[in-house]
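Okay, so here's the structure we're looking at.
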Amino acid sequence: MSRIGKKPVVFPAGVNVTVEGQDITVKGPKGQLEHRIVDEIEVKLDGNAVSLTPRSKEKRARERWGMARTLVANMVKGVTEGFRKDLEINGVGYRAAVQGRNLQLNLGYSHDVVMPIPEGIDVKCEKPTMIAVSGINPQHVGQFAADIRDWRRPEPYKGKGIKYSTERIFRKEGKKK
């Protein structure tokens, strides 16, 4: 039995959840998200809570039960609070700036890296070395933050590159003479 799947997803006032078959729609103050739950999981709306149960006792249904519940909980959290990933840039001359719907990165290449910001994602640069990626869909926020980080991953000797603010870089010692 899934410990996560057993718990119903309680949503606060101001959030509207509709269930039509396997399709679930969550509307809140920050926006609207839609998702189709797999057929092995049954979705029920009870007042201000959504409960999910597997339709059978097969392993495949039980495997997807907790994941489906987590996806619904993330939808509710996304339309109420939103998700955010913070990135730090370390390196001499490395910096970032938002220009319209583009993120411009100076990362030591012979050219500036210009990344278009996708719909539903907000990017802010409080400092030239700090990037904040936020939005209501955790998958889109995480993927865009990972795409930014891929341009210059942190290296272990000097620590130069783009890293998550919570990430710890394991530093190595250089060669000794």
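Against the conditions (1) closer than 13 Å to LYS127 by Cα; (2) in the same structural domain as VAL43 (by TED's automatic domain parsing), ILE89 satisfies every one except (2).
Residues are listed down the side, and each one gets a yes or a no for (1) over 18 Å from PRO8 (Cα atoms); (2) out of contact with any Leu (no Cβ under 8 Å at 6 or more places or on another chain); (3) exposed (fewer than 12 other Cβ atoms within 10 Å of the Cβ); (4) of a type outside the set (Phe, Trp, Tyr):
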site	(1), (2), (3), (4)
PRO54	no, yes, no, yes
ARG64	no, yes, no, yes
LYS85	yes, yes, no, yes
TYR94	yes, no, no, no
LEU105	yes, yes, no, yes
TYR109	yes, yes, yes, no
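Please tell me if LEU71 is without any contact (Cβ under 8 Å) to a residue 60 or more places away in the chain and in a helix (DSSP H, G or I). Yes: the conditions hold for LEU71. Residue count for the range 96-111 satisfying the condition of being part of a loop (DSSP other than H, G, I, E, B) and hydrophobic (A, V, I, L, M, F, W, C): 1. VAL114 falls short on exactly one of the conditions (1) part of a loop (DSSP other than H, G, I, E, B); (2) without any contact (Cβ under 8 Å) to a residue 24 or more places away in the chain, and that condition is (1). When the residues of the range 142-177 are filtered to those that are of a type in the set (A, V, I, L, M) and out of contact with any helix residue (DSSP H, G or I) (no Cβ under 9 Å at 6 or more places or on another chain), the one that is surrounded by the most Cβ atoms within 10 Å (Cβ to Cβ) is ALA145. Residues of the range 48-59 that are outside any strand (DSSP E or B) and touching a strand residue (DSSP E or B) at 6+ places or on another chain (Cβ under 9 Å): ASN48, ARG55. Would you say LYS127 is of a type in the set (Lys, Arg), closer than 30 Å to ARG171 by Cβ and free of Cβ contacts under 8 Å to residues at least 40 places away in the same chain? Answer is yes for this residue.
The values are calculated or read from the model by the stated rules, or taken from the named source; none is laboratory data. Given the structure is predicted, the values throughout are model-derived calculations rather than measurements. A quick note on method: Cβ atoms are made from the backbone with ideal geometry, for glycine too, and the neighbour counts reach across all protein chains shown.
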